[in-house]
Amino acid sequence: MKIIFSSNISWSIYNFRLALLKSLQNDGHNIYTVASRDKYSKLLENEGFTYKEIILNNNSTNPIKDFKIIRDYYKLYKEIDPDIICHNAIKPNIYGTIAAGFLGIPVVNNISGLGTLFIKKSISTKIAKLLYKISQIKASKVFFQNSDDLNLFIKNKLIDAEKCKVIPGSGVDTFKFSPPEQTIKNDTFHFLFVGRLLYDKGILEYINAINILKKSYPNVTFEVLGPLYENNTTSVKKETLDFWVSEDIINYLGETDNVQCFMEKTDCIVLPSYREGLSKVLIEASSMGLPIVTTNVAGCKDVVIDEETGFLCNAKDSKDLALKMEKMILLSSTERETMGRKARQRAIDCFDQKIIINIYKKTIDSIFIY
């Protein structure tokens with residue numbers, strides 16, 4: 001079977017879908033990847049997948065200007081002539097599905113989060129909702145990563161609930177992301193924020209909470225790991241990041257493809273995001289046996305059980321975030337270790353990538369049975 005996986009950038013396919021693609025490839029399927037070109041495009045080719053470029057302006061939120069993408073998808077899909085297409089991210093989910101519909105190709109979509117477009121109410125939001133409603137009629141199956149997103153689509157009559165299923169994110173390799181055999185003891189307590197440096201990820205609330213906590217806990221270390229995303233409208237600017245570092249508010253660790261090495265050295269993961277699909281960072285941290293402080297919002301609360309595997313705080317509330325981070329500091333090491341063990345077990349039971357792989361395979365098979 002010839003299967004296409006399409007996302008907005010190659011990084012997304014490589015980091016979130018590699019295990020699934022390799023499993024399908026091992027079953028004898030011919031895998032094509034379609035996304036904007038970046039350094040991960042070559043890595044996908046090195047894995048034995050065929051890579052095809054499509055040019056997407058991932059920072060544009062004007063759907064009217066993006067209509068030409070439908071033409072580009074149509075030409076590409078007609079050339080490849082796949083048996084089925086799996087989409088992820090807003091533009092592939094919408095424009096790729098419309099193009100596939102014209103060609104009569106079955107589609108499985110993954111709505112992995114609603115993004116900035118849905119967080120900020122605007123005319124673009126209204127247009128995007130309309131486009132989702134039109135496009136998803138053509139999808140054979142649509143996966144959501146949390147029930148809040150699914151219910152929002154159903155409430156707004158954007159989708160037929162019968163074709164939808166909530167799945168536990170993109171999954172985590174619980175073998176790769178496992179607690180170190182020997183726990184690394186820090187001289188001071190370490191918090192770590194992991195994610196793209198976007199204001200929607202709650203980075204400013206994290207900075208404000210740090211400023212509150214430093215007065216009482218000057219020896220606690222606060223770290224940030226993740227890339228600047230300066231073309232995004234909600235991105236932190238480099239001069240702002242440099243200021244935070246120069247004022248000794250945070251230690252900036254840069255970006256990495258080996259996040260588990262940094263997680264091994266921290267005591268608690270912090271993600272004060274405004275909304276997620278299902279946070280990859282949080283399920284990785286859980287699998288590493290780390291306690292978490294995150295927001296009580298869709299895609300975060302689905303990972304963390306409050307008071308059991310971490311603490312939930314109010315979104316966009318630096319004071320409440322600081323209170324929950326302080327609560328984590330004041331726990332005994334034994335209490336934090338207990339939280340981490342429960343988080344690890346939850347990751348194994350609920351978020352292991354084998355669950356996702358099985359769901360995709362059964363879905364693909366079912367489409368061709370009927």
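Please treat every number below as a calculation from the coordinates, not as lab data. Keep in mind that this is a model prediction, so the values were computed, not measured. Methodologically, a virtual Cβ is constructed for each residue, glycine included, from the backbone with ideal geometry; neighbour enumeration extends over all protein chains shown.
Here are the numbers for this structure:
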read-out: Other-chain or far-sequence residues with amide H under 5 Å of E223's (modelled H); value: F191, L192, F193, N251
read-out: Listed residue pairs exceeding 23 Å between alpha carbons, taken from K126/K362; K91/K354; K201/K354; K201/K324; K165/K301; value: K126/K362; K91/K354; K201/K354
read-out: Helix axis angle, 123-135 relative to the chain longest principal axis, alpha carbon, degrees; value: 50
read-out: Where a label projected 7 Å from the Cα of T188 along Cα→Cβ would reach, residues of segment 296-324 with amide N under 20 Å; value: 322-324
read-out: Placed amide H near G310: partners under 5 Å, 5+ positions off or other chain; value: I292, I305
read-out: Antiparallel content of DSSP bridges confined to segment 190-351, in %, to 5; value: 5
read-out: More than 39 Å apart - percent of Cα-Cα pairs taken over the chain; value: 16
read-out: Using θ = phi - 60° and Karplus 6.51 cos²θ - 1.76 cosθ + 1.60, couplings along segment 80-96 (whole Hz; Gly, Pro as x); value: 6, 6, x, 7, 7, 10, 10, 9, 8, 5, 4, 5, x, 4, 8, 6, x
read-out: Protection proxy ranking, peptides 270-279, 323-332, average beta carbon neighbours within 10 Å, highest first; value: 270-279, 323-332
read-out: Cα-based helix-to-principal-axis angle, 353-369 vs the chain, degrees rounded to 10; value: 10
read-out: Order by protection proxy (mean Cβ within 10 Å, highest first), peptides 92-103, 141-152, 352-363; value: 92-103, 141-152, 352-363
read-out: Of the trypsin sites (Lys or Arg not before Pro) in segment 214-262, those whose Cβ has at most 16 other Cβ within 10 Å and which sit in DSSP loop; value: K214, K215, K237
read-out: Lys, Arg +1 and Asp, Glu -1 on Cβ, resulting dipole of the chain about Cα centre, debye, nearest 20; value: 1320
read-out: Other-chain or far-sequence residues with amide H under 5 Å of A89's (modelled H); value: N110, S112
read-out: Difference of contour (0.36 nm per residue) and Cα-Cα distance, I355 to L331; value: 5.3 nm
read-out: C-alpha long axis of helix 203-213 to longest principal axis of the chain, angle in °; value: 10
read-out: Residue-count net charge about N8 - beta-carbon cut-off 11 Å; Lys, Arg +1, Asp, Glu -1; value: 0
read-out: Kirkwood estimate for segment 190-351, i.e. one over the average of 1/r between Cα atoms, Å; value: 15.5
read-out: Reachable aspartates and glutamates from K157, criterion Cα separation under 19 angstrom, eight or more residues apart if same chain; value: D148, D149
read-out: In segment 212-252, the GluC sites (Glu not before Pro) that fall in loop regions by DSSP, at most 16 other Cβ within 10 Å; value: E230, E247
read-out: All lysines inside 18 Å of K42 as judged from Cα atoms, apart from same-chain residues fewer than 8 positions distant; value: K22, K52
read-out: Computed [θ] at 222 nm, helices only, for the chain once each DSSP H run of length n ≥ 4 contributes -39500 (n - 2.57); value: -12000 deg cm²/dmol
read-out: Projected label distance in nm at K163 and D306, using a 7 Å step from Cα toward the beta-carbon; value: 3.6
read-out: Ranked list, fewest to most other Cβ atoms within 10 Å of each Cβ, for E308, E162; value: E162, E308
read-out: Length added when fully stretched, I127-S178, from 0.36 nm per residue minus Cα-Cα; value: 14.1 nm
read-out: Integer Hz, Karplus 6.51/-1.76/1.60 couplings in order for segment 148-154, x for Gly and Pro; value: 4, 5, 4, 5, 5, 5, 5
